[in-house]
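**Student:** The structure is given below, and queries will be raised subsequently.
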Amino acid sequence: MSEAPLLPSWRAGATRHAIVAFLDMAETLPVDDRVAAFDNDGTLWCEKPTYLQYDFFEDALRDAARSDPTQHERPEYAAILDGDQAAMGEIGLERIAASLAELFAGIEAEEFTARARAFMHRANHRVLGLPVLRTAYQPMLELLDELRRRQFTIFIVTGGGTEFVRSISQELYGVAPEAVVGTLIEYEWVRRDDGRPTLRRTAHVLGNANEGAAKVSNIQTQLGRRPILAAGNSGGDREMLEWACAGPHPGMALVVDHDDGEREFRYRSVAATVAEPEPITDVAQRLGWTVVSMGDDWDTVFPD
């Protein structure tokens, strides 16, 4: 019985060759040093036209507004409910994000996870029409599987909310919740009326958004292991990619370039919360990183 083909959705070429060569090299390293870190939005799943986490929060807001029409009186919520991009731009991302976080303030951690998971199982992508669970990139899922086969430890290091990604990481990526590092929300330890302790969400971000240098700091403080492979798609991933290539072993940095407007979206990826002095693809070319062209390198984008 013949073995399954290696990375079947990756087209033959320089990119696939570089990845396979790195994987073969990594097998000469101690297993404990085989660590990979992946950004999520735009690297493992589709992030356009809006982040899936934003879609989840908007869905929760619309549900709340149906039972409480006064939600529309708040400017941030009115802009979202009306789809008023100009108003949202004037209000600013920080206020919009903070107001959406308030929708879940006071609920227990388990309830948030259950609601996020339920959304991911019922929602369809607003443009592609696919179930959102099918907007993970098939070639990246294959790469995750191949890394596991070669005894890599895999982390997801995302600018998105930690708990949101954790709710689906095991099922979708085979990555345990404790291996997800993202932007953190503070929790409040309280006692229920029956005296039992519980954790309730607040609307406050703990520390900084998990982009830029914060990704590297949080890898160290929360995971404690440097990756030798890192993958991202925007300037928010730059420091993590540099970190993977700066260790004692040969490292690999992968940059996903969204250059396929027919099967996905054509756009230049930018960070949400940190400034970018130059496009991440330019950084990749200058530093000799591997740029993954969706259009040229992927035979399939989404799972069948």
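Where a number appears in this text, it was derived from the coordinates with a stated rule and is not lab data. Just so you know, these numbers come straight off a predicted model, no measurement behind them. Don't worry about glycine lacking a Cβ; one is built from the backbone with ideal geometry, like all the others, and counts go over all protein chains shown.
**Student:** Which residues, taken from the stretch 156-188, are among the hydroxyl-bearing types (Ser, Thr, Tyr) and over 13 Å from the mean Cα position of the chain (by Cα)?
**Tutor:** Hit for the stretch 156-188 is Tyr187, nothing else.
**Student:** Do you know which residues across the stretch 1-39 are closer than 15 Å to Glu142 by Cα, part of a loop (DSSP other than H, G, I, E, B) and not small (Gly, Ala, Ser)?
**Tutor:** Glu3, Pro5, Leu6, Leu7, Pro8, Arg11
**Student:** Based on this model, can you work out whether Gly89 counts as over 21 Å from Ala231 (Cβ atoms), among the small types (Gly, Ala, Ser) and not in a helix (DSSP H, G or I)?
**Tutor:** No.
**Student:** Only residues that are assigned to a loop (DSSP other than H, G, I, E, B), touching a residue at least 12 places away in the same chain (Cβ under 8 Å) and surrounded by fewer than 23 Cβ atoms within 10 Å (Cβ to Cβ): list them for the stretch 153-179, please.
**Tutor:** The answer is Gly174, and nothing else.
**Student:** So which residues in the stretch 62-76 are within 23 Å of His125 (Cβ to Cβ) and touching a helix residue (DSSP H, G or I) at 6+ places or on another chain (Cβ under 6 Å), if there are any at all?
**Tutor:** Matches in the stretch 62-76: Ala64, Ala65.
**Student:** Next question, about the same structure. So which residues in the stretch 103-124 are without any contact (Cβ under 8 Å) to a residue 60 or more places away in the chain and either touching a helix residue (DSSP H, G or I) at 6+ places or on another chain (Cβ under 6 Å) or among the acidic types (Asp, Glu) (or both)?
**Tutor:** Leu103, Glu110, Glu111, Thr113, Arg117
**Student:** Let me ask another. Give the residues of the stretch 65-83 that are closer than 20 Å to Glu111 by Cβ and either touching a strand residue (DSSP E or B) at 6+ places or on another chain (Cβ under 8 Å) or surrounded by 15 or more Cβ atoms within 10 Å (Cβ to Cβ) (or both), sorted by residue number.
**Tutor:** Answer for the stretch 65-83, where residues must be closer than 20 Å to Glu111 by Cβ and either touching a strand residue (DSSP E or B) at 6+ places or on another chain (Cβ under 8 Å) or surrounded by 15 or more Cβ atoms within 10 Å (Cβ to Cβ) (or both): Ala65, Gln71.
**Student:** Those residues that are in a loop (DSSP other than H, G, I, E, B) and of a type in the set (Gly, Ala, Ser), I need them from the stretch 259-290; list them, please.
**Tutor:** Listed by number, the residues that qualify are Gly261, Ser269, Ala271, Ala272, Ala275, Gly288.
**Student:** Given the conditions (1) part of a loop (DSSP other than H, G, I, E, B); (2) over 26 Å from Glu94 (Cβ atoms), and given that Glu242 satisfies all but one, which numbered condition is not satisfied?
**Tutor:** (1)
**Student:** Can you name every residue in the stretch 191-221 that is among the β-branched types (Val, Ile, Thr) and surrounded by 12 or more Cβ atoms within 10 Å (Cβ to Cβ)?
**Tutor:** Result: Thr198, Thr202, Val205, Val216, Ile219.
**Student:** For residues that are assigned to a strand (DSSP E or B) and among the acidic types (Asp, Glu), tally how many sit in the stretch 181-207.
**Tutor:** Number satisfying all stated conditions: 2.
**Student:** Let me ask you something else. Output the residues belonging to the stretch 43-54 that are in a loop (DSSP other than H, G, I, E, B) and either touching a helix residue (DSSP H, G or I) at 6+ places or on another chain (Cβ under 7 Å) or crowded, with 24+ Cβ neighbours inside 10 Å (or both).
**Tutor:** Thr43, Leu44, Cys46, Glu47
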